[in-house]
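Working notes, beginning with the structure itself.
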Amino acid sequence: QDGFLVFTEGLILSSYPVELSLPAAAVSAGREKDFELQGYGFEAAAEQLRTPHVVRVGLIQNKIPLPTDSPVAEQVAALHKRIEEIVEVAAICGVNVVCFQEAWTMPFAFCTREKLPWTEFAESAEEGQTTKFCQKLAKKHNMVVVSPILERDDVHGGTLWNTAVVISNSGSVLGKSRKNHIPRVGDFNESTYYMEGNRGHPVFQTQFGRIAVNICFGRHHPLNWLMYSINGAEIIFNPSATIGELSESMWPIEARNAAIANHCFTCAINRVGTEHYMNAFTSGDGRKAHHDLGYFYGSSYVAAPDGSRTPGLSRTQDGLLVAEMDLNLCRQVSDKWNFKMTGRYEMYAEELAKAVQPDFTPNIIRE
């Protein structure tokens, strides 16, 4: 799925990493709890002065367990229960860092423009029930947890943000990253609820490596990936909620290209299922009023800086993808291709500074 074969001097080399042998208990639990489990490993060359820097990440994709018109508290509780089941298996597999899908504690209701009940899912990034739930998971399993939620920022007038909370394996809140790019396309009416993030491109130093979170629509913006990389990210997570009709053709390409361009690992996560809403809504695509966004197609995967990638998870089923990676590969690929060394960032910065001015004149040479 979504792979290709490279032809080199008559040899056919697979673009996929090696398949991991996962514990039998994990495989059995995945079957029992009805979610797909896959595991792959990326290797790096042995070095004389550096030992391997191996980390295991877990990507979780899932449907919402309850209908969208169920009571808010029951929906949140059901999602907490489902994620806890899958995280338990991630722990058996030795996962060090786990990331959930965008706005994982709720339906992706940002198509509707309705305020209630959807804004009731918003929580404090520091003190909310979901963060407390994730802190317990992190401490129990010695695992960094990346938890994308709808944040209510009571310090700033109850403002809503699309936010990823990063929780250390110690159980403490390490920090948060907010969605920088908000779609205004088709059914995605997200600016009704929150606007572009204001925290820039933070990178989080964890015990297992430097991570960043490029939330959903940011994957369409190459400079967004670049800035996380410039700030030192070795692994960039891309928790998303995106539908087949809109973006499936781009999905296998974007995170993979970003891994290559930025000499880092990228982790693309997408939810699965179709979510129906009681009240019909319209959008910018000219269709008649309808009751759902379409299908979320899953297909979560991990890409490496050398261009290799895992197969994607199922398009229809809940799943856990375990990826073992040697972060030494980031510098090894960088030393080979030198994109950072050969990048003309000073030139770009100078020209971009001019381009954003109201009186900008494009540099077009005419006869």
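The values are calculated or read from the model by the stated rules, or taken from the named source; none is laboratory data. The structure presented is a predicted model; accordingly, all values stated were derived computationally and were not measured. In this analysis, Cβ positions are derived from the backbone assuming ideal geometry, glycine residues included, and neighbour counts consider all displayed protein chains.
Among the residues of the range 326-334, is any in contact (Cβ under 8 Å) with a residue 24 or more places away in the chain, in contact with an Asp or Glu (Cβ under 8 Å, 6 or more places away or on another chain) and charged (D, E, K, R)?
For the range 326-334, residues in contact (Cβ under 8 Å) with a residue 24 or more places away in the chain, in contact with an Asp or Glu (Cβ under 8 Å, 6 or more places away or on another chain) and charged (D, E, K, R): present.
Only residues that are touching a helix residue (DSSP H, G or I) at 6+ places or on another chain (Cβ under 7 Å), among the hydrophobic types (A, V, I, L, M, F, W, C) and either surrounded by fewer than 24 Cβ atoms within 10 Å (Cβ to Cβ) or not in a strand (DSSP E or B) (or both): list them for the range 90-110, please. Give the steps one after another, and end with the answer.
Start the filter on the range 90-110 by keeping residues that are touching a helix residue (DSSP H, G or I) at 6+ places or on another chain (Cβ under 7 Å), which leaves 91-93, 98, 100, 102, 104-106, 109-110.
Next, from what is left, pick out any that are among the hydrophobic types (A, V, I, L, M, F, W, C): 91-93, 98, 100, 104, 106, 109-110.
If the condition is that a residue be touching a helix residue (DSSP H, G or I) at 6+ places or on another chain (Cβ under 7 Å), among the hydrophobic types (A, V, I, L, M, F, W, C) and either surrounded by fewer than 24 Cβ atoms within 10 Å (Cβ to Cβ) or not in a strand (DSSP E or B) (or both), then Ala91, Ile92, Cys93, Phe100, Trp104, Met106, Ala109, Phe110 are the ones that fit.
Do any residues in the range 132-152 that are farther than 17 Å from Ile269 by Cβ and surrounded by 20 or more Cβ atoms within 10 Å (Cβ to Cβ) have Cβ atoms under 7 Å from those of residues that are at pLDDT below 95 and not small (Gly, Ala, Ser), where the two are at least six apart or on different chains, and which pairs are they?
Short answer, once both residue conditions are applied: none.
Checking Ile235 against (1) modelled with pLDDT under 95; (2) surrounded by 15 or more Cβ atoms within 10 Å (Cβ to Cβ): exactly one of these is not met. Which one?
Answer for Ile235: the failing condition is (1).
Which members of the range 210-229 meet the condition of being hydrophobic (A, V, I, L, M, F, W, C), out of contact with any Phe, Trp or Tyr (no Cβ under 6 Å at 6 or more places or on another chain) and either touching a residue at least 12 places away in the same chain (Cβ under 8 Å) or buried (at least 24 other Cβ atoms within 10 Å of the Cβ) (or both)? Outline the logic, then answer.
Taking the range 210-229 and keeping what is hydrophobic (A, V, I, L, M, F, W, C), we get 211-213, 215-217, 223, 225-227.
Restricting the remaining residues to those that are out of contact with any Phe, Trp or Tyr (no Cβ under 6 Å at 6 or more places or on another chain) gives 215-217, 223, 225-227.
Of everything in the range 210-229, those that are hydrophobic (A, V, I, L, M, F, W, C), out of contact with any Phe, Trp or Tyr (no Cβ under 6 Å at 6 or more places or on another chain) and either touching a residue at least 12 places away in the same chain (Cβ under 8 Å) or buried (at least 24 other Cβ atoms within 10 Å of the Cβ) (or both) turn out to be Ile215, Cys216, Phe217, Trp225, Leu226, Met227.
Could you name every one of the strands (runs of 3 or more DSSP E) located completely within the range 233-334 that has at least 2 residues being out of contact with any strand residue (DSSP E or B) (no Cβ under 7 Å at 6 or more places or on another chain) and farther than 19 Å from Val97 by Cβ? Before the answer, list the steps.
Values: elements: 235-240, 265-270, 272-281, 290-297, 301-303, 319-326.
Passing ranges, in order: 272-281.
Here are some residues: Glu151, Glu120, Glu126, Glu102. Which one is among the charged types (D, E, K, R) and closer than 23 Å to Phe35 by Cβ? Let's see the steps before the verdict.
Working: Glu151 fails: closer than 23 Å to Phe35 by Cβ; Glu120 fails: closer than 23 Å to Phe35 by Cβ; Glu126 fails: closer than 23 Å to Phe35 by Cβ.
Just a single option satisfies the conditions, and that option is Glu102.
Hey, can you tell me all the residues within the range 69-89 that are within 19 Å of Pro148 (Cα to Cα) and either of a type outside the set (D, E, K, R) or crowded, with 22+ Cβ neighbours inside 10 Å (or both)?
Val72, Ala73, Gln75, Val76, Ala77, Ala78, Leu79, His80, Ile83, Ile86, Val87 - these are the residues of the range 69-89 that are within 19 Å of Pro148 (Cα to Cα) and either of a type outside the set (D, E, K, R) or crowded, with 22+ Cβ neighbours inside 10 Å (or both).
Report, by residue number, each residue of the range 171-194 that is over 27 Å from Val144 (Cα atoms), at pLDDT 90 or above and either more than 18 Å from the chain's Cα centre (by Cα) or in a loop (DSSP other than H, G, I, E, B) (or both).
Within the range 171-194, Pro183, Ser191, Thr192, Tyr193 meet the criteria.
With the requirement that a residue be more than 17 Å from the chain's Cα centre (by Cα) and under 20 Å from Asn262 (Cβ atoms), what does the range 300-324 give you? Before the answer, list the steps.
Residues of the range 300-324 more than 17 Å from the chain's Cα centre (by Cα): 306-308, 316-317.
Result: Asp306, Gly307, Ser308.
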